Amino acid sequence: MPTQALYNKWRAQTFDDILGQGHITQTLRNQIKAGRIGHAYLFTGLRGSGKTSTARVLAKAVNCVGDTDDPPCNACHICKSITDGTSFDLTEIDAASNRGIDEIRDLRDRVNFAPSECRYKVYVIDEVHMLTNEAFNALLKTLEEPPSHVIFVLCTTEPHRLPATILSRCQRFDFRRAPVPIIVRKLTRICELEGIAIAPDALEYIARKAGGSFRDAVSLLDQLAAYGGEEIGQDLAQRVLGAVPWTLVSDLVASLVAEDLPAGLRIINEAIDQGAEPRQFLGEILDHLRGLLLLRVGAEQQLESLAPEAIERLRQLAEEGSLPLSRITRAIRLFSEAGQGLRNTVRLQIAFELAFVEAALPIVDR
């Protein structure tokens, strides 16, 4: 029998379940209690930060008929139908695959029909920035004068791509990047309920790898849980996910600071030979270089994505001060450009080697 992915199984069902976005959930709760519900909302933010989950909770809350002062109750037939995905009054549209004017015209015609059983019909348009200009123009008229029984929730990771006319007609809510402790708290709860044996350092590693995305974190946990057997530790998590040990990446950065070309090239080839996933390897290198940059300019409070041991190693390198800021920024730029060439290169290590050598050599030597 097919199993349900952990992210779908543990998707937020109430406003309390939406972690790290209290500035949004409290506002929505207050609007619902006061009966001042907007007709169009814009949810923006990083992928996996809870935009569509919040839209679904909002759809339940505005339509809930249960006996509660803090909807949704998740017990009435309305809440259950929306949770189960059987409600005809909640429509979710993927704008990436329904981006044309014909799809939006069809939506515009359907909004005029009254809800089948709910108080409001809720339309959630995900990745709304993918709509064409013509589709945006067709949507604009509906957003300007929507029927009283319709609520639009537009979700996007790229709000700058939306026309100003659309932005001006929506209440905008910006979802924040999830902090590592909050992600760890969510993962810990899931592990307790699912009976997953995992060490705290492995959970912290997953949370850092997720980059502020709840969905990415739970998906990584799901992948590790499928490995089965023993308790999941940080070493196992790194091995299963194709990551490179932080000590190896720190040694690579140290060799760059010391301009030790043989050592750096040896580390790159060792990582590739061990089966490191190239993009993860590149991400680790960029995280460490960024960490070195932040430490040099006194902004270490932004180093949430690195392990404490890695930060201490980078702090030692930063205190030496032997690598100018201009060289650090150039190294970040070179490895970023190397990532763009990974798809077309025949031998993966060449892109890393060229970036490292060019970054390690002083400008006068080139």
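The values are calculated or read from the model by the stated rules, or taken from the named source; none is laboratory data. Model, not experiment: these values are computed from the prediction. Cβ sites come from the backbone with ideal geometry, for glycine too, and all protein chains shown count toward neighbours. Surface accessibility is based on the protein's heavy atoms, side chains included, excluding ligands, DNA and RNA. Shrake-Rupley method; radii C 1.70, N 1.55, O 1.52, S 1.80 Å.
Here the extension length gained between Lys9 and Ala96 equals 28.9 nm, from 0.36 nm per residue of separation less the Cα-Cα distance. When the Gaussian network model of the chain links Cα atoms closer than 10 Å, the mean-square fluctuations of Cys76, Cys118, Cys170 top out at Cys76. A cut-off of 5 Å between modelled amide H atoms, ignoring neighbours fewer than 5 places along the same chain, links Leu154 with Tyr41, Leu42, Phe43, Ile125. Taking only protein heavy atoms and a 1.4 Å probe, the accessible area of the chain is 48% carbon and sulfur.
What does the net charge come to around Leu187 if you take all other residues with beta carbon closer than 11 Å to its beta carbon, with K and R at +1 and D and E at -1? With Lys, Arg at +1 and Asp, Glu at -1, the net is -1. Across the stretch 47-61, computed HN-Hα scalar couplings (Karplus, 6.51 cos²θ - 1.76 cosθ + 1.60, θ = phi - 60°) run 4, x, 8, x, 5, 6, 5, 5, 4, 5, 5, 4, 4, 5, 5 Hz from first to last residue, x flagging Gly and Pro. Counting helices only, and only those DSSP H runs with n ≥ 4, report the 222 nm mean residue ellipticity of the chain as the sum of -39,500 (n - 2.57) divided by its residues, in deg cm²/dmol to the nearest 500. Result for the chain: -16000 deg cm²/dmol, rounded to the nearest 500. The stretch between Glu319 and Arg176 holds 48.3 nm of extra length on full extension. This uses 0.36 nm per residue minus the Cα-Cα distance. Got a sec? Which residues in the stretch 152-195 would a label at Glu277 touch, if it sits 7 Å along Cα→Cβ and we count backbone N under 19 Å? Label zone hits: 184, 187. Taking amide H as placed 1.01 Å from N in the peptide plane, the amide H of Val65 sits under 5 Å from that of Ile78, Cys79, each at least 5 places away or on another chain. The charge dipole of the stretch 105-224, taken about its Cα centre with unit charges on the Cβ atoms of Lys, Arg (+1), Asp and Glu (-1) only, comes to about 300 debye. Remark on the stretch 1-160: hydrodynamic radius 16.3 angstrom, per the Kirkwood mean of 1/r across alpha carbon pairs. For Kirkwood radius over Cα pairs in Å, computed directly from the structure shown, the correct entry in [x] 20.6; [y] 22.4; [z] 23.2 is [z].
In plain terms, if you count all Cα to Cα distances in the stretch 186-276 and split them into 5 Å steps from zero, the share in each step is 3, 13, 22, 19, 14, 12, 9, 6, 2, 1 percent. Note on the chain: Lys pairs 8 or more places apart or on different chains, Cα atoms under 15 Å apart, count 7.
Dividing the alpha-carbon radius of gyration of the stretch 115-189 by the rule-of-thumb value 2.2 N^0.38 Å gives 1.41.
Projecting the Cα atoms of Asn74, Tyr41, Met130 onto the dipole axis of the stretch 38-134, where Lys and Arg carry +1 and Asp and Glu carry -1 at the beta carbon, places Tyr41 farthest toward the positive end. The label-point distance for Lys80 and Ala34, in a model that sets each label 7 Å from Cα toward Cβ, rounds to 3.4 nm. For the chain, a simple Cβ point-charge model (Lys and Arg +1, Asp and Glu -1, everything else neutral) yields a dipole of about 1120 debye relative to the Cα centre. The residues of the chain present an accessible area of 48 Å² per residue when probed at 1.4 Å with all protein chains retained. A Förster distance of 35 Å, applied to the separation of the beta-carbon atoms of Gln340 and Arg108, puts the FRET efficiency at 0.30.
Please give me the summed charge of the neighbours of Asn8: other residues whose Cβ is under 11 Å from its Cβ, Lys and Arg +1, Asp and Glu -1. Once positives and negatives cancel, what remains is +2.
This model, with +1 at the C-beta of Lys and Arg and -1 at the C-beta of Asp and Glu, gives the stretch 182-333 a dipole about its Cα centre of some 640 debye.
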